[in-house]
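The values are calculated or read from the model by the stated rules, or taken from the named source; none is laboratory data. No experiment lies behind these values; they were computed from the predicted model shown. Please note: Cβ atoms are built from the backbone with ideal geometry, for glycine as well, and neighbour counts cover all protein chains shown.
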Amino acid sequence: MKSCKKVLCTAGVLFTLLIFACVTVNIYFPAEKVESVAGEIVNDIRGRSGGEQKSQENEKSSLLQKTFFAMSPSCAWAEDVTTVSNPTIRALKEKMKARYARMKSYYQKGMLSEGSNGYVSLGNTGGLGLKGKRDLKSLVDSENRDRGILYREVARALKIDASQINKVAEVFAKEWQK
């Protein structure tokens, strides 16, 4: 009888441990926050004003909708999200903005392209000499290094787990490709 109780007690403890061991951890990824931040940062770097697209959308919305959204907490949340910044992010944006001015013509010629991973890749560089190819590769390497740092900083500012930086880069990729 005592051995039967021991077996049942042991089985109960093991069952309880098994139940707690099977609990999965769901890591939340705030895609909307990242999209908002990415849009603002990319527009700032590329010198595009988001106002052109937004003005057309705003013309279609009614005064009632504008009033409702202005008073809703989600609008205030969206404003907070787009202000993600720190000294590192600001410095990166300035470096990337200056670099983009040099890279723009290469994009137009198809020598550079935006990957779906959030990084720049070389395209057809056939029209360049050896020095030109080396200089372009150096630009791409610098840009990709800074983008990696930018993605880590944005993730840190939004309190996103470091294991999800690739997701942050993929969200940024969609903005870079626009």
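Structural remarks
- Subset of the range 162-172 that is more than 10 Å from E35 (Cα to Cα) and of a type in the set (A, V, I, L, M, F, W, C) - its residue that is modelled with the lowest pLDDT: A162
- Comparison of V84, V154 shows that the only residue that is over 17 Å from R46 (Cα atoms), out of contact with any strand residue (DSSP E or B) (no Cβ under 6 Å at 6 or more places or on another chain) and assigned to a loop (DSSP other than H, G, I, E, B) is V84.
- A search for C-beta distances below 7 Å between a residue of the range 101-118 that is on the phi < 0 side of the Ramachandran plot and any residue that is surrounded by fewer than 13 Cβ atoms within 10 Å (Cβ to Cβ), counting only pairs 6+ apart in sequence or on different chains, returns M111/N124; S113/S121; E114/Q177; G115/S121.
- Matching option when the condition is under 22 Å from E32 (Cα atoms), modelled with pLDDT of 95 or more and either outside any loop (DSSP other than H, G, I, E, B) or charged (D, E, K, R) (or both), among K93, K97: K93
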